[in-house]
1. With the requirement that a residue be over 30 Å from ARG407 (Cα atoms) and touching a Phe, Trp or Tyr at 6+ places or on another chain (Cβ under 7 Å), what does segment 275-298 give you?
2. Does VAL364 fit the bill of being more than 30 Å from the chain's Cα centre (by Cα) and aliphatic (A, V, I, L, M)?
3. Residue pairs, Cβ under 9 Å, 6 or more apart or interchain, first in segment 369-385 and farther than 20 Å from ILE301 by Cβ, second of a type in the set (Asp, Glu) and at pLDDT below 95. List them.
4. Just to be sure before I move on: is SER37 near the ligand (Cβ under 10 Å from one of its atoms) and within 17 Å of GLU115 (Cβ to Cβ) in the structure I sent?
5. Can you name the condition, by its number, that PHE249 falls short on among (1) aromatic (Phe, Trp, Tyr); (2) assigned to a helix (DSSP H, G or I); (3) in contact (Cβ under 8 Å) with a residue 60 or more places away in the chain?
6. Could you tell me whether any residue of segment 113-122 is in a strand (DSSP E or B), at pLDDT 95 or above, surrounded by 21 or more Cβ atoms within 10 Å (Cβ to Cβ) and within 13 Å of the ligand (Cβ to nearest atom)?
7. Between a first residue in segment 292-312 that is over 14 Å from ASP367 (Cα atoms) and a second residue that is in a strand (DSSP E or B) and of a type in the set (Asp, Glu), which pairs have beta carbons less than 9 Å apart while being 6 or more apart in sequence or on different chains?
8. Which of the residues spanning segment 55-77 are within 15 Å of the ligand (Cβ to nearest atom) and over 14 Å from PRO39 (Cα atoms)?
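The values are calculated or read from the model by the stated rules, or taken from the named source; none is laboratory data. Just so it is clear, the model here is predicted, and its values are computed rather than measured. Cβ placement follows ideal geometry from the backbone for every residue including glycine, while neighbour counts extend to all protein chains displayed.
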Amino acid sequence: MIKVCKFGGTSMADGINMLRVADIIRADSARRYIVVSAPGKRFGGDSKITDLLYETHAEFLRTGTLGAAYEKVSSRFRRIVDELHLSFDIDAVLKETAAEIGRERSEEFTASRGEYLAARVMAELLGVPFADARDIIRFDENGRFDPVSYTLIAEALKGKRRAVIAGFYGADGTGRVRTFSRGGSDISGAVVARAVSAGVYENWTDVSGFLACDPHIVPSPVGIHRLSYRELRELSYMGANVLHSESIFPVREADIPIHILNTFRPEDEGTLILPTEKYLAGTKHLRTVTGIAGKKNFTVINIEKSLMNSEIGFTYRIMEVLLRHKISFEHLPSGIDTMSLVIDSEELSHGVLEEVRRDIEEAVSPDRTNVYSDVALIAVVGHGMTKSVGTSARLFSAIANAGVNVRMIDQGSSELNIIVGVDNGNYERTVRAVYEEFFHD
Ligand code: ASP
């Protein structure tokens, strides 16, 4: 089995951490293809290399030269090479990189150099080839990932026992470097895993996987050791941020599990994310609820009209208003004569809310509309909910016992999640009550 391992910014932050990474790789001969992020923060208040590189580009635009920010980048890498006692000529590489930054004059190129340099150093440390993502990860002219990359990667890595690949970037057909969105090395790792048909995509980070809820709300919540792709999608969409959300698709389509692991506690079990069927077949004791996630600051627009259901095109006309304003909605719970639009409040700021409400009133002539803001959404997620009778009763009694008024409920027909809307001020209390009910045993 081939394992593709991606190491995040904290794992690459300094020489000591890179040595841990090297130990992890050497401990398992299946760990063949290594994707790395740029060095991240070493301590609170420190800078991420990628942020320094964005600054480098801004400085370059202002002054036409590489200034203080690039000097900081250089000294971080010099120090890493020193700490690792490598004979690698980092000064020559930094000089060549500086010249290229000057020639390319592109923000994406400059930002990508953190991963480039980190991968060069890691390849040196492991004594394995460096594979430049510029040659094997392809973007189209609109900056979107091009699936031809799978073939390019497979060909480039064929016959290589091990290799280090820089995360976060690739290039378009003309060779111009393009980057994924921030945190995008997760995507690079997933793409490489798919290209080499890996048995597992190991994503090494600085936490031991997903927790059942936000540890800022409940101290030391239990870890989630197994998760299905669908549960992952629901939880990450609602704010559980361990992985870049786009990194799921390449591996999910190819049925490759993702294993989230902690570089600083490699013995921890982490979280194994599996295709839904494998997850359901292989999990002996399915918990009723797998995890709880949530976000604050939503606005609910309630639309009421008698006989709304028999009016052809009613929803269509509302959607047209949203389309016109380029607004996406999160949920659309509806009753017989009511429909609610749940929208991220950010999208409705600067007077947009008033315009949207007026346009909806014009479009469908409702009997009444009303709006309430400052709503928090809490997603209670788990395949186990389908199997156990009385989950909603338990959920809503727990919330009621905490003295919280529920403003909105939405349950997808998949029964994989129940979304509860409460006032922002009741968010933490509700999460705690739900956690106590389903995880305290
Ligand atoms: N270094 C890039 C960032 O900070 C990409 C990554 O770490 O995944 O966003």
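1. PRO275, THR276
2. yes
3. Pairs that qualify, where the first residue is farther than 20 Å from ILE301 by Cβ and the partner is of a type in the set (Asp, Glu) and at pLDDT below 95, are ALA379/GLU234; VAL381/GLU231; VAL381/GLU234; GLY382/GLU231; HIS383/GLU231; HIS383/GLU415; MET385/GLU415.
4. Numbers: near the ligand (Cβ under 10 Å from one of its atoms): yes; within 17 Å of GLU115 (Cβ to Cβ): yes.
It is true that SER37 is near the ligand (Cβ under 10 Å from one of its atoms) and within 17 Å of GLU115 (Cβ to Cβ).
5. (3)
6. No - not one qualifying residue is present in segment 113-122.
7. Final answer for the pair search is LYS295/ASP344; LYS296/ASP374; ASN297/ASP344; ASN297/ASP374; PHE298/ASP344; PHE298/ASP374; THR299/ASP344; THR299/ASP374.
8. Scanning segment 55-77 gives GLU55, THR56, HIS57, ALA69.
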